[in-house]
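What follows is one structure encoded as structure tokens, with my remarks underneath.
Bear in mind these aren't lab numbers, they're just calculated from the coordinates by the rules spelled out. Note that the structure is a prediction, hence the values are computed from the model and not measured. Cβ atoms come from the backbone with ideal geometry, glycine included; neighbour counts cover every protein chain shown.
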Amino acid sequence: MKRKIEIVKTLLDSLPFIKKFYGETIVIKYGGSAQINPDLKESFAIDILMMSMIGMRPVIVHGGGKKITELLAKLEIKTEFRDGVRVTNEKAIKIAEMVLSGDINKEIVHMLNSHGAKAIGISGKDGEFLKAKAKNGGAFGYTGEITQVKAEVVNNLIDEKFIPVIAPIASGEGVNHPGFNINADTAACEVAGAIGARRILFLTDTQGVLDKGGNLLHSLSEKEVKELIKNGTIAGGMIPKVEAALYAVDKGVEKAHIIDGRIEHSILLELLTSDGIGTEIKK
């Protein structure tokens, strides 16, 4: 009986957060270990189903760079990065689309639907939902920058109670254009801003933002983030993560969360508990 009472207390503790996010759109950038480890994939699917069942409107944007690189290597197609950005040649964009839209996207949709969710997979090419131009004037080949998001494509799916699962491939100009490979973090931010999402969560392989003593910083303002970058507290691979979070907030998202996707049920722990498990970034 004691255990049953504790379960009910836990549910009651989450009630204010359920009320807060009821009817709200939440974008999840899905990547890292959470996208690879079987137990974490299972946990992710249950979290998304739970979000949907308690009235939230989840939207998933996924990456897949590692799988793209692995397949390119098998096909003996050279992978090139400049300043940490993938250079996507004509062969590579076809592989990227095949992996992102055909393989990973459908796997996520099937995983969610097998748990009872109502997920549907799309890429930015569907309905020309995402339009893009070449990044830096074509310096990175078919790696692109988003120029337009047709919010109604995703919002219509949400209104029909679907959970959109988005592959970050965008349309280019012209009938024969192969499209553009888009950084998944950037795509998630653009989508979140365009569809009026209240929150965006980035699933990563890090705890969140840490201070110089290694302690988790639970909440940061834009000003504080910039100060922490300036004094070297935020450095290395964390810089692009916080920059993506700041970009989302700049696009109108209330808060962006950097959370540890290696923890089971990390999404629910972040959204439905008072302390959360990661770092929230706000204006």
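In summary, the stretch 2-128 shows an alpha-carbon radius of gyration equal to 1.34 times the 2.2 N^0.38 Å reference for compact globular proteins. Adding -39500 (n - 2.57) for every DSSP H run of four residues or longer, then dividing by how many residues the chain holds, sets the calculated 222 nm ellipticity at -12000 deg cm²/dmol.
Given Val225, Ser114, His257, which one lies farthest toward the positive end of the charge dipole of the stretch 18-282, if we put +1 on the Cβ of every Lys and Arg and -1 on the Cβ of every Asp and Glu? So the residue furthest toward the plus end is Val225. Among DSSP beta bridges lying fully in the stretch 18-282, give the percent that are antiparallel, nearest 5. Bridges in the stretch 18-282 are about 35 percent antiparallel.
Amide hydrogen proximity for Ala119: with H placed 1.01 Å from N in the peptide plane, the residues at 5 or more positions away or on another chain lying under 5 Å are Asn113, Ile163. What the Cα convex hull of the chain gives, in volume per residue, is 137 Å³. Cα centroid separation, the stretch 136-185 to the stretch 17-59: 22 Å.
Our estimate of slack between Lys133 and Leu11, defined as 0.36 nm per intervening residue step minus the Cα-Cα distance, is 39.3 nm.
Each Lys and Arg adds +1 at its Cβ and each Asp and Glu adds -1 at its Cβ; summed about the Cα centre, the stretch 1-134 shows a dipole of about 280 debye.
Between amide H atoms placed 1.01 Å from N, distances below 5 Å from Thr143 occur with Thr88, Lys135, Asn181, all of them 5 or more places distant or on a separate chain. Residue by residue, the stretch 86-92 carries 3J(HN,Hα) couplings of 5, 8, 10, 7, 5, 6, 5 Hz when phi is fed to the Karplus relation 6.51 cos²θ - 1.76 cosθ + 1.60 (θ = phi - 60°); x denotes Gly or Pro. Between Ala73 and Lys2, the modelled labels are 5.2 nm apart [label points 7 Å from Cα along Cα→Cβ].
For the stretch 176-193, the Karplus equation 6.51 cos²θ - 1.76 cosθ + 1.60, evaluated at θ = phi - 60°, returns couplings of 9, 5, x, x, 10, 7, 10, 4, 5, 4, 5, 4, 4, 5, 4, 5, 4, x Hz by residue, with Gly and Pro reported as x. For Lys135, a cut-off of 18 angstrom between C-alpha atoms picks up these aspartates and glutamates, skipping any fewer than 8 places away in its own chain: Glu80, Asp83, Glu90, Glu97, Glu145, Glu173, Asp185, Glu190, Glu243.
Maximal additional length on extending the Met98-His265 stretch stands at 57.2 nm, based on 0.36 nm per residue less the C-alpha distance. Build a GNM of the chain with springs between Cα atoms under 10 Å apart, and of Asp47, Asp126, Asp260 the one that fluctuates most is Asp126. Using every pair of separate Cα atoms, the Kirkwood estimate puts the hydrodynamic radius of the stretch 106-196 at 13.6 angstrom.
State which entries of Lys29/Lys67; Lys19/Lys161; Lys9/Lys161 exceed 22 angstrom in Cα-Cα distance in the structure shown. Don't skip to the end; give the middle numbers.
On the way: Lys29/Lys67 17 Å; Lys19/Lys161 19 Å; Lys9/Lys161 29 Å.
Exceeds cut-off: Lys9/Lys161.
Compared with the alpha-carbon gap, the fully stretched path from Asp205 to Lys230 is longer by 6.7 nm at 0.36 nm per residue.
Around the amide H of Gly276, modelled in the peptide plane, lies no amide H under 5 Å away from a residue 5 or more places distant or on another chain.
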